[in-house]
1. Quick one: putting +1 on the C-beta of Lys and Arg, -1 on the C-beta of Asp and Glu, what dipole do you get for the chain around its Cα centre, in Debye to the nearest 20?
2. Please give the per residue accessible area of the chain, computed with a probe of 1.4 Å over protein heavy atoms only, in Å².
3. Can you give me the Kirkwood hydrodynamic radius for segment 306-375, using every pair of distinct Cα atoms, in Å to one decimal?
4. Under the rule of at least 5 residues apart or a separate chain, name every residue whose amide H is placed under 5 Å from the amide H of Glu604.
5. Return the distance in nm (one decimal) between the two label points of a simple spin-label model at Gln492 and Arg274, each offset 7 Å from Cα along Cα→Cβ.
6. Pop out the carbon and sulfur fraction of the accessible area of the chain as a percent, whole number, probe 1.4 Å.
7. Report, in debye and to the nearest 20, how large the dipole of segment 194-332 comes out about its Cα centre when Lys and Arg carry +1 and Asp and Glu carry -1 on their Cβ.
8. Taking Cα pairs under 8 Å and at least six residues apart, what relative contact order does segment 744-800 come out at, in percent?
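The values are calculated or read from the model by the stated rules, or taken from the named source; none is laboratory data. In this text, all values refer to a predicted model and were calculated from it rather than measured experimentally. FYI the Cβ positions are ideal-geometry reconstructions off the backbone, even for glycines, and counts take in every protein chain you see. For the accessible areas, the whole protein counts, side chains as well, though only heavy atoms, and no ligand, DNA or RNA atoms are used. Shrake-Rupley method; radii C 1.70, N 1.55, O 1.52, S 1.80 Å.
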Amino acid sequence: MKRVGLALLIGACLFGPAGPVAQAQVWNTVEGTVTDSTDGTPLPSVTVIVKGTDFGTATDAQGRYALRLPTGRYALRVSSVGFRTRIDSVVVARGEPTRHDVRLAPSVTELDQVTVTETKARQDAGVYEVEPKDIENLPTPFKDGFRALKTVPGVATNNELSQQYSVRGGGFNENLIFVNGFEVFMPFRARQGEQEGLGLLNPDLASDITFYTGGFPPKYGGKLSSALDVQYAQPEDQPLTGSVSVSTLDASVHAQSSALGGDLGWAVGARRARPGRFFNTQDLKGEYDPRFQDMQGMVTYRVSDHVSVEGLGLWADHEFRLEPRERTTYFGVISLREEGATDFKALRANFNGERRDGYTTALGGVRLNTGLTDRLHLEHDLSYFETRETENFDINSEGKVCQVDPAGEDVPDNCRLLDITERIRFADNAVEVQRLTGGGHYEWTLGRQVLKGGWSLRDMHFNDRLNEKNVLVGEDEDGTAFRTVVDSLGDQATFNERQVGFYVQDAVDLLPERDRLLLTGGVRSDYYSFNDEWTVSPRLSAKLKYNRRLTLTGSWGIYHQQPTYRELRGSPEDSLGINALLNRDIESQRSMQFVLGGEYFFPESRLYLRAEAYYKDLDNIISYTIEDIRVNYSGENDATGYTYGFDLQLRGEFVPGLESWFNYSFMVARERFTDEALSGYSETLRENRKGLLPRPTDQRHTFSAFVQDYVPGDETWKLHMRLLYGSGLPYTTTDPGPRINDQVQTRVPGPRMRGRLPAYRRVDVGATKEIELVGDGIGGPVTLDLTLEVLNLFDMDNTVAYTWTGNFERIPKRLTPRTLNARLRLTF
């Protein structure tokens, strides 16, 4: 455990945190025996932890325990089933170990009727809890709940700029997101991560975040990979609390309280980010002027003991503006041997023009909660979600690819010209999406089982406008100037569709011992008017507490994803309009999933080891490619496939009060194009798609860790470190295509998914000094946190995609280098 702290201190010392870092932290032992107060019998397997933390140990067969702690005063919580819990104060000092024996008195309880209760979600198959406090402590460019998911097992990672995430081989568009039961959606049209803005999850308002990476229950429908369920705070009898945060990249404020004797609870938050300095650290330089802002609020009103009303409001306006000036990207090979071959090149490009993208999103939802009896609960809700996304750019660029001397100076003259390309890119695109959703959810408790059911009805409106052009300017082999339109799209489409869904679920406690074996089964059915399709999705899960240390979980289910707008229209071409590409014969993608896992608890060290294996059988796949973060669909059910892998996680409090974890995931994702789909391609493209191929999200190995520690000798200083590693994702190379007018060499896709991006590697560290300003404020202590973060500590080059020059030189698009960020947070 001290080695973990040492690793953090080394990282923190690289950017010089203030405070008494050099002072050695002294640990010692508190030890003793726990016995039955009635007869003095030693008690085994008694939990001994530091109050308010999960840091502790358990007694052995003779009732003995030993717990190492830093010197200081602690409250020890001693508990065991059948005995009254005791909380004792102990002082750990230098020198001899502290002796503290405990006598526990038996407890007498009345045996009520046994009923099924909600169990801790992270013990279920494929389910993880994300603590909002940990999101605050993660060293990231923005305190964004979606970006925090990249430290969850099974989540692929390769882009710190993006809020998009892939779960167990699924696509970016295969994840459900709910805030207080109301569904929200990611941006539809972003090309690059820096355009997305702030994620719609405000962690300051969140009280619980549950992440289903597989095996999610029937009430969640419509996606293949994951479900994120976020619950915002609903204060009851709570004084005013909140926070104000300001950093070099963003700012936020939030507050929450209750009124009317606790009947009215409210929580509001606002955020604003201007991360132009951060974006300008990339190879592409220019006038970055991103302006991201949002406001969110939650209100609940208790009409009576059995009736309450709650409402959620959300507004976000994200504008990305850029006037690009120049880009210099070096690539190739430098040999350190005299006989080695050096092939070092540079792309030097100049730009003229402007880019402006906008995302305006609004959500309003209201819910009526009715408790007819103590056992029968009803919910009815209505929500409206609207987003308008615009994409406007008119940019001229001239790019030169040069052979450069790596030993020479970084000047324009250090360039032997290999290729020059002049390009004009224009777009004036917009998409508007409205969703009106109504639904009901019902829960009936019957002794040792809980019945749930529900329905939903959604009306959707899409309005899509495309107007873009790509022009190449240059000279042909004879020196004749040309200006050729490579592609041009101009069309508009509007359509309205409906979705209907129903589900039922039954959870049964099967064994006499409460919560020992819980079996949950259910079925979901959905209808989509676009293709007049009904789907049926049965699901089954089980959880067995084998003993106090080992919990086993498993799930099986069929999942369908109805094609939304992007899957329906595919990628428009200049010869066909949007409406011509809408495929009303398309079917929902289907996944049959198996998950088997277990969690083992080490009571002596209070650590949890969790392992899960999974297999997904995929049918009716709508194939796609990924360019940076934009997903381009084929618009056809043209492939089948499978995904399998396993996730490992070790987590616990290596120091009192601060949880850390380490994750490793292995995954294989494959797909095979159907014979019918291959018959529609040219001979060359058909050969490039034959056989069993990697899926675009086939990331073989991922490792992530979040480690927290105190600065030795001063627990008001906390250190945080996030580590991310992801092996290279596949990509499709580019081959020469036919010439346009015998002048412009076009490009066509090469062998599908045969290349691999370099591995993604990143270490972010932060140090926080906590200062207590007022010990007893309105809602508790008033504290000031001063944080300094080093993002990408080791300045690692990470490539998110490749672009291709006219002579098919592969140019990497790299992400952000090392960056400093300072943050101030006032909590009251």
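1. About 1880 debye.
2. Heavy-atom SASA per residue in the chain reads 43 Å².
3. Kirkwood hydrodynamic radius for segment 306-375: 18.8 Å.
4. So Glu604 has HN proximity to Ala58.
5. The modelled label-to-label distance comes out at 3.6 nm.
6. 53 percent
7. Dipole magnitude for segment 194-332 comes out near 380 debye.
8. About 38 percent, as a whole number.
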